[in-house]
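A short worksheet on the structure shown next.
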Amino acid sequence: MANDSVEQIKDRLDIVDIIGQTVQLRKAGRSFKGLCPFHQEKTPSFIVFPESQTFHCFGCHAGGDLFNYVMQQDRIDFSEALTTLARQAGVELEERTAREDAPPPDQYDHLYDLNQRAASFFSHVLWRTSHGEEGRKLLEERGVDQQTAETFQLGFAPDRWDSLLTRFRKNEVPVEHAMEAGLVTENDSGRTYDRFRNRLMFPISDAEGRIIGFGARALGDSMPKYLNSPQSPIFDKSSSLYALDLARDAIREKRDVVVVEGYMDAIAAHQHGYRNVVASMGTALTEQQVRLIRRGVDRIILALDSDVAGQMATIRGLDVMRDTLSEDQRAVVDGPNIVRFEKQMKTDIRIVKLPEDTDPDDLIRSDRENWERLTANPIPFLDFYVDAVIGDPPPTDPREKSEIVNQLGPVLREISDNVVREHYVGRAARKLGLSERVILTSGASPRRQRTLQPAQVARPTPATPEEHLVGLLIRYPEFLGNTLDRVVESDIHDPRSREALTAIRHQAPDTIPGIIEGLPEQIREHVERLIESIGERPQTYPGQLRREAEQVLTRLRKQRHDQQIRQLMSDLNHAESEKDRDTVVEHLALIDQMKTRYPEFYPEKSPYFRDSRDTGLPSG
């Protein structure tokens, strides 16, 4: 169970050690203090409390447990944080989707090793032999400097049939392994030879930086111009993105990713400082590639080539995104430039419309200002999609119109904002000379969503105000939207609850069951347990539900407030005994600041009795 894993990790790891890896902490009483990593400050207001294994910033009010810290600091979701912290804690996570025939983790290490050896050989040929002269000339012509080429581990395959094969044989590498890696091939007569010859070599790495395959560009007029490694146990071109390993940090920092088409496009972008760029290595995005980049980003920008093939690839890429996101959390287009991942985040899909006969490589090298302007102001998804699908000029043939409407209808129906939906439906109807009703009713209907039903069993009482509140908010969103808006993120300590609430904020109540269905299994199970724990409420009395939720919210806030006061008082007493005057002064100020919140937790005034909080009451 994920819940057991979370508790095991918390038992084995100390939040002070985890935060101390990225924040310089100093002792302050029994706690630790430092500059907040989540906002700019000169005076430390970020405190780590070892006793409760929590942190809180009294400046920006970020807070939570070690999971929350890692998720915010590394900009990752709960599943990734769980994996990261489990590795540090030595906790073995249950493999939920493991197949019985799945290979052991190190079964293919020999293939990664062979690819790395091949990359080193190709690099040596490129830079240190006469065979690589043509490759060096090509890089110079394309403006690729040596430092960038070495960063991408570029190389050159000699114009010989057995250069790499001979190298492998000298090192007693089994031919079968070289063939399995796709570096050596065999003809019908059984003769083995190098797959790549007289080509500039582009090693392709996975997200961890392990070389999984190669792309190879031919010199001269040889065909095919680009040749890739065949599919192998570790390489599937449709499931890989070029330069993802080099772009990960920049993508996390910027929270957006630019997708280009070719190897040279990505290399040019990185060389000129645009490091959040990856390449699809083909003319169309695939579902698997979208899955690699959809997490942890606020915006996906497609910057494919400006020719007809490039535009069609962009359209196919948009359809793939929509289908991929719909599969597990139903993508809803909300506004002219937002596709909501109804799971944990919003992701803005935009398009860079390049000048005619230009690709990103050309534009970056010839007109950086224009590239920066276009990527800073990309076209909203729906604007590009509607115009590109309809075409210019629009078709007059009724059959062509029917095909277009069947493609547009399902997308436009998913726009949740009525005004925005009417705008784009009207736009499409005018361009095609059809009625708005035809546009809206054509095409396949969105899948019906399953409804979450609470288990019809004797329910346990929620253990904490946090669990009680989260269960109510997710179970009865049609009544408790205003309460959800008032929940402060730092008051929710369980990272699974926090991620679930983030996913449902500002969503239509009828879409929330589908959102929960699409959450990772660990979070979904946690949420279902909370829903089960609160059981049914009579929905004919929504006022009672709202009062219950507001009372629980107040209890939660008071619990968090009182806990922080107790921790500060404990630190204060310890600092006084240690004669730590600076900590005493700082903590007294924080305690005074927190005492101003006491009125938030007073009970409601009685309509029948006098209240001492009222002024002007007669005494005695």
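The values are calculated or read from the model by the stated rules, or taken from the named source; none is laboratory data. All figures in this text were calculated on a predicted structure; none of them were measured in a lab. So basically every Cβ, Gly included, is an ideal-geometry build from the backbone, and we count neighbours across all protein chains shown. Side chains included, ligands, DNA and RNA excluded: accessible areas come from the protein's heavy atoms. Shrake-Rupley method; radii C 1.70, N 1.55, O 1.52, S 1.80 Å.
What number of residues within the range 236-270 satisfy the criterion of being among the charged types (D, E, K, R), closer than 21 Å to residue 143 by Cα and part of a helix (DSSP H, G or I)?
We begin by selecting, within the range 236-270, every residue among the charged types (D, E, K, R); these are 236-237, 245, 248-249, 252-256, 261, 265.
Add one more test, that the residue is closer than 21 Å to residue 143 by Cα, and what stays is 261, 265.
Restricting the remaining residues to those that are part of a helix (DSSP H, G or I) gives 265.
Final tally of qualifying residues: 1.
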If I go through the range 190-235 residue by residue, how many of them are over 15 Å from residue 108 (Cα atoms), among the aliphatic types (A, V, I, L, M), open to solvent by less than 60 Å² (accessible area, probe 1.4 Å) and not in a strand (DSSP E or B)?
2
Residue 103 meets each of (1) at pLDDT 90 or above; (2) within 29 Å of the chain's Cα centre (by Cα) with one exception, condition (1)
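For residue 256, indicate whether it is over 18 Å from residue 378 (Cβ atoms), of a type in the set (D, E, K, R) and either open to solvent by 50 Å² or more (accessible area, probe 1.4 Å) or touching a residue at least 24 places away in the same chain (Cβ under 8 Å) (or both). Steps first, please.
On the way: over 18 Å from residue 378 (Cβ atoms): no; of a type in the set (D, E, K, R): yes; either open to solvent by 50 Å² or more (accessible area, probe 1.4 Å) or touching a residue at least 24 places away in the same chain (Cβ under 8 Å) (or both): yes.
Judged against the criteria, residue 256 is not a match.
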Tell me, which residue of the range 271-307 that is in a helix (DSSP H, G or I) and open to solvent by 10 Å² or more (accessible area, probe 1.4 Å) is modelled with the lowest pLDDT?
287
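Among the residues of the range 479-510, which ones are among the small types (Gly, Ala, Ser) and within 23 Å of the chain's Cα centre (by Cα)? Working first, answer last.
So in the range 479-510, the residues among the small types (Gly, Ala, Ser) come out as 481, 490, 497, 500, 503, 508.
Answer for the range 479-510, where residues must be among the small types (Gly, Ala, Ser) and within 23 Å of the chain's Cα centre (by Cα): 490, 497, 500, 503, 508.
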Please go through the range 359-382 and give me each residue that is in contact with an Asp or Glu (Cβ under 8 Å, 6 or more places away or on another chain) and in a loop (DSSP other than H, G, I, E, B), ordered by number.
359
Consider residue 136 carefully, then state whether it is on the phi < 0 side of the Ramachandran plot and of a type in the set (Lys, Arg).
yes
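Tell me the residue from 473, 480, 469, 452 that is within 23 Å of residue 506 (Cβ to Cβ), at pLDDT below 85 and open to solvent by less than 10 Å² (accessible area, probe 1.4 Å), please. Step through it out loud before you land on a result.
On the way: 473 fails: at pLDDT below 85; 469 fails: at pLDDT below 85; 452 fails: open to solvent by less than 10 Å² (accessible area, probe 1.4 Å).
Being within 23 Å of residue 506 (Cβ to Cβ), at pLDDT below 85 and open to solvent by less than 10 Å² (accessible area, probe 1.4 Å) holds for just one of 473, 480, 469, 452, which is 480.
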Can you tell me how many residues in the range 160-189 are open to solvent by 90 Å² or more (accessible area, probe 1.4 Å) and among the acidic types (Asp, Glu)?
4
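Give me the residue from the range 226-252 that is among the acidic types (Asp, Glu) and touching a residue at least 40 places away in the same chain (Cβ under 8 Å) and, out of that set, nearest to residue 205 (Cα to Cα).
As a first pass, look at the range 226-252 and keep what is among the acidic types (Asp, Glu): 236, 245, 249.
If we keep only those that are touching a residue at least 40 places away in the same chain (Cβ under 8 Å) too, we end up with 236, 245.
On the way: 236: 11, 245: 7 Å.
Filtering the range 226-252 for residues that are among the acidic types (Asp, Glu) and touching a residue at least 40 places away in the same chain (Cβ under 8 Å), the one nearest to residue 205 (Cα to Cα) comes out as 245.
To keep it simple, each residue is scored yes or no on (1) open to solvent by less than 20 Å² (accessible area, probe 1.4 Å); (2) more than 21 Å from residue 391 (Cβ to Cβ); (3) assigned to a helix (DSSP H, G or I).
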{"site": "402", "(1), (2), (3)": "no, no, yes"}
{"site": "406", "(1), (2), (3)": "no, no, yes"}
{"site": "409", "(1), (2), (3)": "yes, no, yes"}
{"site": "421", "(1), (2), (3)": "no, yes, yes"}
{"site": "425", "(1), (2), (3)": "yes, no, yes"}
{"site": "429", "(1), (2), (3)": "yes, no, yes"}
{"site": "439", "(1), (2), (3)": "yes, no, yes"}
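For residue 150, state whether it is open to solvent by 10 Å² or more (accessible area, probe 1.4 Å), without any contact (Cβ under 8 Å) to a residue 12 or more places away in the chain, touching a helix residue (DSSP H, G or I) at 6+ places or on another chain (Cβ under 8 Å) and not basic (Lys, Arg).
Numbers: open to solvent by 10 Å² or more (accessible area, probe 1.4 Å): yes; without any contact (Cβ under 8 Å) to a residue 12 or more places away in the chain: no; touching a helix residue (DSSP H, G or I) at 6+ places or on another chain (Cβ under 8 Å): yes; not basic (Lys, Arg): yes.
Judged against the criteria, residue 150 is not a match.
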Looking across the range 11-37 at residues that are touching a helix residue (DSSP H, G or I) at 6+ places or on another chain (Cβ under 7 Å) and open to solvent by 60 Å² or more (accessible area, probe 1.4 Å), the single one that is farthest from residue 563 (Cα to Cα) is 22
Of the residues in the range 70-85, those that are open to solvent by less than 10 Å² (accessible area, probe 1.4 Å) and out of contact with any helix residue (DSSP H, G or I) (no Cβ under 6 Å at 6 or more places or on another chain) number 1
Inspect all residues belonging to the range 157-176 and state whether any of them is touching a residue at least 24 places away in the same chain (Cβ under 8 Å) and closer than 22 Å to residue 245 by Cα.
no
Please tell me if residue 505 is surrounded by fewer than 18 Cβ atoms within 10 Å (Cβ to Cβ) and on the phi < 0 side of the Ramachandran plot.
yes
In the range 353-360, is there at least one residue being of a type in the set (D, E, K, R) and on the phi > 0 side of the Ramachandran plot?
yes
I'd like to know if the range 514-524 contains one or more residues that are at positive phi and of a type outside the set (Asp, Glu).
no
